[in-house]
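Engineer: Please find one structure pasted underneath; my questions will follow.
The values are calculated or read from the model by the stated rules, or taken from the named source; none is laboratory data. Please read all numbers here as calculations on a predicted model, not as lab measurements. Don't worry about glycine lacking a Cβ; one is built from the backbone with ideal geometry, like all the others, and counts go over all protein chains shown.
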Amino acid sequence: MIRGILSGKGGVGKTTITVNLGIALHNLGENVVVLDGDLKNPNLSLHLGVFKYNLTLQDVVEKDISHISLLNALYVHETGLRFIPAHLSLNFLDTDASKLKSFLENSPYNVLIDSSPGLGKDSLSVLECCDEVFVVTEPYLPDITDCMKTLEVAKDRDVNVKGIILNKVRGKDYELGKEEIKACTNTNVIANLPFEENVLRSLKLKNPVINYKPLSKVSLGFNQLAADISDKEFVKPRFLPLKRAFSFIQNKSKSAKAN
């Protein structure tokens with residue numbers, strides 16, 4: 001199964017979702033690999049704190065040799081997540097993303113692709129690889145408008161759209177709600193992920209939030225989405241408020257000792 005994480009515009013948290021959803025799927029026992037399909041501005045590996053690698057997605061695609069597969073560019077993160085990075089160098093700006101499909105056709109893994117934003121050549125090439133896609137957006141009119149364009153293109157190409165992932169939700173009255181978005185897009189909102197500063201802190205630490213703060217609301221949201229995708233049951237931890245309070249006290253104590 002090849003799944004794509006798409007967005008109509010940049011900055012909506014698509015890579016953050018790909019990484020954390022990938023870890024959540026891995027934790028559920030799914031045979032998953034996340035792949036950085038944004039060949040112009042890749043940063044999936046930055047979220048994982050990995051900066052050096054022998055081979056990347058571009059190396060494999062550009063060599064275009066039959067005995068070289070994407071598995072040659074596969075790495076394992078400390079969380080156990082398997083991932084395929086794209087190179088940050090400007091030397092790879094001209095890599096032809098349309099070749100990617102042939103490398104993914106016989107993948108032994110469930111692949112989760114972090115697409116480039118928008119509807120450029122690279123993102124359309126990713127779309128061509130996918131069995132199903134999820135479209136990420138924030139709950140604001142400009143974002144929803146761009147989301148609608150992406151949904152329309154995916155549907156026109158007969159790609160199965162599993163739903164919208166609504167990200168960075170603050171619960172304010174100026175945001176569009178799930179039902180409004182469904183009415184505008186004719187597509188279900190399958191996840192409603194809250195805005196949390198824990199996500200920003202996790203990016204600074206290069207430690208995905210689902211690993212950094214596993215009891216946070218957004219981390220539980222990733223776990224629930226992974227369970228829904230894989231048709232498995234996610235059971236929230238027992239005594240969750242008590243565990244969160246205990247974790248808060250521990251962190252305060254560590255901070256006081258550090259100072």
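Engineer: If you go through segment 79-108 one residue at a time, how many are modelled with pLDDT of 90 or more and surrounded by 11 or more Cβ atoms within 10 Å (Cβ to Cβ)?
Structural biologist: Here the count works out to 7.
Engineer: Another question about this same structure. Could you list, in sequence order, the residues of segment 24-39 that are in a helix (DSSP H, G or I) and either surrounded by 24 or more Cβ atoms within 10 Å (Cβ to Cβ) or hydroxyl-bearing (Ser, Thr, Tyr) (or both)?
Structural biologist: Residues of segment 24-39 that are in a helix (DSSP H, G or I), as a first pass: 24-27.
Residues satisfying the conditions are ALA24, LEU25.
Engineer: Next up: Return the residues of segment 26-53 that are within 27 Å of LEU119 (Cα to Cα) and either in contact with a strand residue (DSSP E or B) (Cβ under 9 Å, 6 or more places away or on another chain) or among the small types (Gly, Ala, Ser) (or both); say none if nothing qualifies.
Structural biologist: Hits for segment 26-53 are VAL32, VAL33, VAL34, LEU35, ASP36, GLY37, ASP38, PRO42, ASN43, LEU44, SER45, LEU48.
Engineer: In segment 1-35, what residues are more than 19 Å from VAL169 (Cα to Cα) and β-branched (Val, Ile, Thr)?
Structural biologist: Answer for segment 1-35, where residues must be more than 19 Å from VAL169 (Cα to Cα) and β-branched (Val, Ile, Thr): ILE2, ILE23, VAL32, VAL33, VAL34.
Engineer: Considering only segment 133-156, state which residues are within 23 Å of VAL34 (Cα to Cα) and not in a helix (DSSP H, G or I).
Structural biologist: VAL133, PHE134, VAL135, VAL136, THR137, GLU138
Engineer: If I ask for residues that are in contact (Cβ under 8 Å) with a residue 24 or more places away in the chain, touching a helix residue (DSSP H, G or I) at 6+ places or on another chain (Cβ under 7 Å) and over 10 Å from LEU35 (Cα atoms), which ones from segment 70-87 would you list?
Structural biologist: Result: THR79, GLY80, LEU81, HIS87.
Engineer: Okay, next question. I'd like to verify a number: residues in segment 79-96 that are farther than 27 Å from GLY29 by Cβ and either hydroxyl-bearing (Ser, Thr, Tyr) or assigned to a helix (DSSP H, G or I) (or both), how many?
Structural biologist: Count: 5.
Engineer: Are any residues in segment 160-190 outside any helix (DSSP H, G or I), aliphatic (A, V, I, L, M) and in contact (Cβ under 8 Å) with a residue 40 or more places away in the chain, and if so, which ones?
Structural biologist: Scanning segment 160-190 gives ILE165, ILE190.
Engineer: Of the residues that sit in segment 56-78 and are part of a loop (DSSP other than H, G, I, E, B) and modelled with pLDDT of 85 or more, which one is surrounded by the most Cβ atoms within 10 Å (Cβ to Cβ)?
Structural biologist: Only one residue fits best here, namely THR56.
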